[in-house]
Amino acid sequence: MTRTNLYLKIILFFLIIFIPFSFSDYRDNITPEKITSDLRFYEINTCSISLSEFLIHNPNVIYQDHYKIRYNNYSSLRCFGQITGVDQIDHTFYISIGTNTFVNIFLQSIFWLFLITLIPVDKFKNLKISNYISILLTSLLICLLIYSEQRFYNNVFFELDFLNKRSLLHIFVYISTINFFSFHIINSRSKELINFLPFLYIFMGVYSGMNIYFLSLFLCLIGINKVINDRKIRKTFNILNLLIIFWSYNASGLFYYLKPDKIRGLSHGDYNFLSVLTWSYFSIFCLIGIYYFISDRKSNLNFKVLTRNFLFASVAIMSIGYLSSSMPFINFMSYYYFGLTKYGTDNQNLFGVDIWGTTEAWRGLFPSAESIGEFFALGLLVIFLYKKEKLEKIEYLLIPVSILGLLLSNNKASFVLLIFCIVLKLNFEKNFKTQTKILVFIPVIFLLLYFIRIENLFYSLDFSAYKFIGMGQSYSLDSNISSSIQYLSDLSNKNFIIRFLIVAFGLVAFLINRSELWGIFFARYNPTVSEFFFGSGPFILSNHYGEIDIFNKRVFTGTELGFLLPHSSLLLIQLFFGLTGVIILTVYVVNSLKKIKSVNYDLYLIGIFISINLIKSDSLLYLPSLLLYGMFFVLINNKEHINLKK
């Protein structure tokens with residue numbers, strides 16, 4: 001890239017960011033006033049002042065944290081980027097900025113595609129007929145998703161009448177155009193994209209006002225294309241068709257609804273036949289797309305580039321995250337242009353504690369402190385395994401930032417696992433003698449005991465193992481008890497193997513502080529026999545949260561329960577794919593790790609780290625984690641076992 005082209009791209013970059021929020025009629029006589037408790041001026045003059053014009057007259061809004069700039073996706077096209085209202089709650093002012101879902105799709109797509117164009121072109125590829133068919137089918141699926149999730153999309157697409165076929169045709173043409181350009185631009189650079197996956201933890205790419213990731217369109221397109229062109233995949237897909245019909249049939253006549261909240265993009269809102277049918281096909285095609293996107297490009301993975309990108313992404317998450325927490329303007333712009341599912345944290349105290357003296361987890365830009373902690377720890381592990389003797393000066397300077405991010409996330413499990421994997425690697429390389437092994441592993445064991453808290457080991461087995469059941473009973477309402485709590489409440493008649501598995505599960509939950517969260521999960525989990533074995537569909541949570549009512553306050557604190565996830569990807573797999581899915585996934589992971597251990601010990605350790613973390617986190621509900629973890633497991637199952645130490 002020449003210097004002139006670089007300067008032009010930088011100028012274009014800033015124009016894309018600022019111009020949409022600068023449109024206004026500057027010839028009128030309306031001049032923004034300073035914000036005070038008297039907000040009548042902004043109640044009268046809505047959609048008359050652009051965000052840029054407003055900030056010029058109120059520069060303190062950019063950096064003073066008692067202002068909050070928030071989007072308003074229910075605005076007309078005319079109001080895009082302009083002030084639609086200002087409210088005061090206590091001492092905090094909330095400035096509402098008009099945005100519009102149609103404009104969001106166009107503007108955010110341009111921004112993300114522009115970032116991708118910064119990656120050098122590998123090779124421009126001519127589109128085949130199957131590519132065009134895949135583009136059209138992906139667009140059709142998106143239209144059906146929007147139509148089937150009307151409770152979510154009716155407000156954000158208020159200009160459209162979903163009963164009018166012409167409205168859906170407009171969306172189809174719109175999405176098809178974006179799919180065409182996205183596929184062309186991404187596919188021409190796709191070989192190198194695998195090395196840039198860590199940056200997805202910054203640029204999550206969820207459309208504002210929608211329940212879809214930008215990259216999901218591309219991944220779905222790849223999945224459909226593979227099914228069209230590969231006969232073996234089509235044969236396997238016939239089995240998936242039966243599952244999808246089963247999940248959809250179970251949703252017939254039911255209309256549960258879940259507001260996706262921070263898991264927008266990989267969670268389903270409406271629960272009915274058409275919605276489950278469409279979402280299941282979309283999700284399955286995306287999962288197929290993820291596998292083949294990574295599998296077809298694994299030979300292009302360069303760990304030298306990947307480790308550096310881990311560090312750069314970590315620094316960006318920390319620095320932009322902190323600026324976002326203290327500067328309302330950056331908080332708003334990062335949410336919009338990075339496609340975040342949740343506004344970045346406004347917690348400026350990096351080492352804060354709550355009223356009970358517990359360290360508060362700091363998440364930066366990412367919606368989950370636990371998942372971002374896993375990211376920092378995984379990055380540090382990859383750096384240790386592949387570059388510990390080849391680090392450059394800049395990388396030595398950046399590593400402390402990743403360590404700080406891990407500590408601030410308060411993800412104790414990831415921290416202990418990181419240390420444990422490092423010790424295992426040293427033992428593998430040095431082949432320690434027995435005495436040395438004891439001296440090396442004792443500190444790790446003490447660290448684990450410190451985080452578990454030694455006093456927790458002295459409770460009776462009955463108390464520890466069955467606490468999650470007691471918590472589930474505490475959150476259950478007598479008038480509406482889930483089938484799983486009914487089953488778990490009567491273990492005396494169960495055989496030894498079932499009792500042993502439940503005791504082991506409950507003991508793990510107690511030791512890793514998941515008894516309450518997993519108890520809440522079972523208080524809601526109300527499967528039929530068939531759903532227990534085959535699940536209710538991929539990334540579908542609406543029936544789980546809508547079918548059973550539970551006590552809506554925390555048992556110990558009396559605070560509102562809110563939207564709590566189960567904090568276990570294993571439980572999510574049980575919910576989505578049933579016991580059959582859990583068994584298949586467990587066998588797959590165990591066999592994969594067993595095979596890779598003697599071939600590539602580094603990948604074995606990464607697989608161990610990811611697998612254990614997923615038992616106690618919801619990371620699979622975020623596309624960045626799904627793609628990154630998927631990449632490593634595709635590498636682990638690489639039959640050629642190529643040497644990745646480039």
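The values are calculated or read from the model by the stated rules, or taken from the named source; none is laboratory data. What you see is a predicted model, and the numbers here were worked out from it, not measured in a lab. All Cβ positions, even for glycine, are placed from backbone atoms using ideal geometry, and neighbour counts span all protein chains on display. These area figures cover heavy atoms from the full protein model, side chains too; ligands, DNA and RNA do not enter into them. Shrake-Rupley method; radii C 1.70, N 1.55, O 1.52, S 1.80 Å.
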Checklist entry - Counting only residues that are exposed (fewer than 15 other Cβ atoms within 10 Å of the Cβ) and among the β-branched types (Val, Ile, Thr), how many does segment 438-452 have? => result 3
Next on the checklist: Can you pull out every residue in segment 181-204 that is part of a loop (DSSP other than H, G, I, E, B) and of a type outside the set (Gly, Ala, Ser)?
Outcome noted: 189, 202, 203, 204
Item to check | residue 486 being open to solvent by 20 Å² or more (accessible area, probe 1.4 Å), over 26 Å from residue 613 (Cβ atoms) and either in a loop (DSSP other than H, G, I, E, B) or touching a helix residue (DSSP H, G or I) at 6+ places or on another chain (Cβ under 7 Å) (or both) | outcome: no
Checklist entry - Looking at segment 408-420, is at least one residue β-branched (Val, Ile, Thr) and over 30 Å from residue 337 (Cα atoms)? => result yes
Item to check | Criterion violated by residue 578 - all others in (1) farther than 30 Å from residue 424 by Cα; (2) out of contact with any Gly (no Cβ under 6 Å at 6 or more places or on another chain); (3) open to solvent by less than 20 Å² (accessible area, probe 1.4 Å) satisfied | outcome: (2)
Item to check | Odd one out for residue 81 among (1) surrounded by 20 or more Cβ atoms within 10 Å (Cβ to Cβ); (2) under 23 Å from residue 14 (Cβ atoms); (3) within 23 Å of the chain's Cα centre (by Cα) | outcome: (3)
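Please verify whether segment 30-42 includes one or more residues that are open to solvent by less than 60 Å² (accessible area, probe 1.4 Å) and charged (D, E, K, R).
Within segment 30-42, none of the residues are open to solvent by less than 60 Å² (accessible area, probe 1.4 Å) and charged (D, E, K, R).
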Item to check | segment 110-133, subset closer than 28 Å to residue 337 by Cβ and in contact with a Leu (Cβ under 9 Å, 6 or more places away or on another chain), residue modelled with the highest pLDDT | outcome: 112
Checklist entry - Considering segment 27-47 alone, what residues qualify as being in contact with a Pro (Cβ under 9 Å, 6 or more places away or on another chain) and assigned to a loop (DSSP other than H, G, I, E, B)? => result 45
Item to check | For residue 504: the one exception among (1) of a type outside the set (D, E, K, R); (2) closer than 30 Å to residue 410 by Cβ; (3) surrounded by 16 or more Cβ atoms within 10 Å (Cβ to Cβ) | outcome: (3)
Checklist entry - When only residues in segment 127-153 that are open to solvent by 70 Å² or more (accessible area, probe 1.4 Å) and more than 18 Å from residue 273 (Cα to Cα) count, which is nearest to the chain's Cα centre (by Cα)? => result 137
Checklist outcome for this item: The lone condition residue 514 fails out of (1) buried (at least 17 other Cβ atoms within 10 Å of the Cβ); (2) under 22 Å from the mean Cα position of the chain (by Cα); (3) within 28 Å of residue 270 (Cβ to Cβ) is (3)
Checklist entry - Restricting the first residue to segment 447-470 and requiring it to be more than 22 Å from residue 568 (Cα to Cα), which pairs with a second residue that is at pLDDT 90 or above and outside any loop (DSSP other than H, G, I, E, B) meet a Cβ separation below 7 Å and a spacing of at least six or different chains? => result 447/416; 447/419
Next on the checklist: Within segment 426-437, does at least one residue satisfy the condition of being crowded, with 17+ Cβ neighbours inside 10 Å, touching a helix residue (DSSP H, G or I) at 6+ places or on another chain (Cβ under 8 Å) and touching a residue at least 60 places away in the same chain (Cβ under 8 Å)?
Outcome noted: no
Checklist entry - Does segment 367-401 hold any residues that are open to solvent by less than 40 Å² (accessible area, probe 1.4 Å) and either without any contact (Cβ under 8 Å) to a residue 12 or more places away in the chain or on the phi > 0 side of the Ramachandran plot (or both), and which are they? => result 391
Next on the checklist: Please determine whether any residue of segment 549-566 is assigned to a helix (DSSP H, G or I) and open to solvent by less than 50 Å² (accessible area, probe 1.4 Å).
Outcome noted: no
Checklist entry - With respect to residue 522, is the statement that it is closer than 13 Å to residue 474 by Cβ, under 25 Å from the mean Cα position of the chain (by Cα), at pLDDT 95 or above and of a type outside the set (Gly, Ala, Ser) true? => result yes
Item to check | segment 86-122, residues that are buried (at least 17 other Cβ atoms within 10 Å of the Cβ) and within 16 Å of residue 43 (Cβ to Cβ) | outcome: 86, 93, 95, 96, 97, 98
Checklist entry - With respect to residue 169, is the statement that it is at pLDDT below 90, farther than 30 Å from residue 309 by Cα, of a type in the set (A, V, I, L, M, F, W, C) and open to solvent by 80 Å² or more (accessible area, probe 1.4 Å) true? => result yes
